1. I'd like the full set of residues that are in contact with a helix residue (DSSP H, G or I) (Cβ under 7 Å, 6 or more places away or on another chain) and loosely packed, with under 15 Cβ neighbours inside 10 Å, limited to the range 69-100.
2. If I ask for residues that are touching an Asp or Glu at 6+ places or on another chain (Cβ under 9 Å) and within 21 Å of Leu105 (Cβ to Cβ), which ones from the range 54-75 would you list?
3. Among (1) more than 16 Å from ligand 2 (Cβ to nearest atom); (2) at pLDDT below 95; (3) among the aliphatic types (A, V, I, L, M), which single condition is Ala106 missing?
4. Just to verify a result, which residue in the range 1-55, among those that are away from ligand 2 (no atom under 16 Å from the Cβ), open to solvent by 40 Å² or more (accessible area, probe 1.4 Å) and within 19 Å of Ala70 (Cβ to Cβ), is modelled with the lowest pLDDT?
5. Does Ala66 satisfy the criteria of being at pLDDT below 95, of a type in the set (Gly, Ala, Ser) and open to solvent by 60 Å² or more (accessible area, probe 1.4 Å)?
6. Hey, among Asp83, Asp69, Asp29, which residue is out of contact with any Lys or Arg (no Cβ under 8 Å at 6 or more places or on another chain), more than 16 Å from ligand 3 (Cβ to nearest atom), without any contact (Cβ under 8 Å) to a residue 40 or more places away in the chain and more than 20 Å from Gly169 (Cα to Cα)?
7. Among the polar types (S, T, N, Q) and over 16 Å from Thr126 (Cα atoms): is that true of Asn3 in this structure?
8. Counting only residues that are within 14 Å of ligand 1 (Cβ to nearest atom) and over 14 Å from the mean Cα position of the chain (by Cα), give me the helices (runs of 4 or more DSSP H) lying completely in the range 1-94 with at least 1 of them.
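The values are calculated or read from the model by the stated rules, or taken from the named source; none is laboratory data. On a predicted model such as this, the values are computed, not experimentally measured, just so you know. Here Cβ is always computed from backbone atoms with ideal geometry, including for glycine, and neighbour counts include all displayed protein chains. These accessible areas exclude ligands, DNA and RNA; they are computed on the full protein's heavy atoms, side chains included. Shrake-Rupley method; radii C 1.70, N 1.55, O 1.52, S 1.80 Å.
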Amino acid sequence: MANIIQQRKLDKAFGHLDVDRNGYVEAQDLTALGVRLLANFGVGYEDPRARKIADGFSTFWVALAAALDADGDERLSPQEYRDGMLAGFGGPDDAFDRHFRPGALAVLELADTDGDGYLGPEEFATMQNAFGTTREESDFAFGRLDLDGDGRLSLDELIVAVREFYVGGDENAVGTWFFGRV
Ligand SMILES: [Ca+2]
Ligand SMILES: [Ca+2]
Ligand SMILES: [Ca+2]
Ligand SMILES: [Ca+2]
């Protein structure tokens, strides 16, 4: 059973992924999201980080479609997404680590512009902007995630939060707030 927070997280995540807003998540949405991220950070396609994003998102899409595209039309409806995620994509087995982590890590590494292994509020906000998060919501999320209040988030703690946001069932986990209010 999905609680209301889980439901809202799933709908929010679906909204991020449906970049062209046609009501379905498709392969080209992931491509568009990657393009937007690279543009926000001013990184060109020749950059190795661009390749990591493209590979990570492609891996993610193939796994997502294989697990969630119940009717086989190569796109995910909101219902397919919700049902599939609740049925345990990234659940007890290590689907998250295998299919999701490489893309998520590529995004975080891209966002860590000074390469210190942490995201500060500016780096975080630039990344969030690609997902349509406002600066205000980004700062709200940053404040929730920065448990020790030192003004930075390590890539390791961010990966944990991303996992909590996308596949976690615990609404009290800080990752619930990864993209701002839910
Ligand atoms: Ca779409
Ligand atoms: Ca489908
Ligand atoms: Ca940094
Ligand atoms: Ca911190």
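1. Those that are in contact with a helix residue (DSSP H, G or I) (Cβ under 7 Å, 6 or more places away or on another chain) and loosely packed, with under 15 Cβ neighbours inside 10 Å: Ala70, Glu74, Gly91.
2. Trp61, Ala65
3. Only one criterion is unmet by Ala106, namely (2).
4. Gln7
5. It is true that Ala66 is at pLDDT below 95, of a type in the set (Gly, Ala, Ser) and open to solvent by 60 Å² or more (accessible area, probe 1.4 Å).
6. Asp29
7. Answer is yes for this residue.
8. 27-40, 48-68, 78-86
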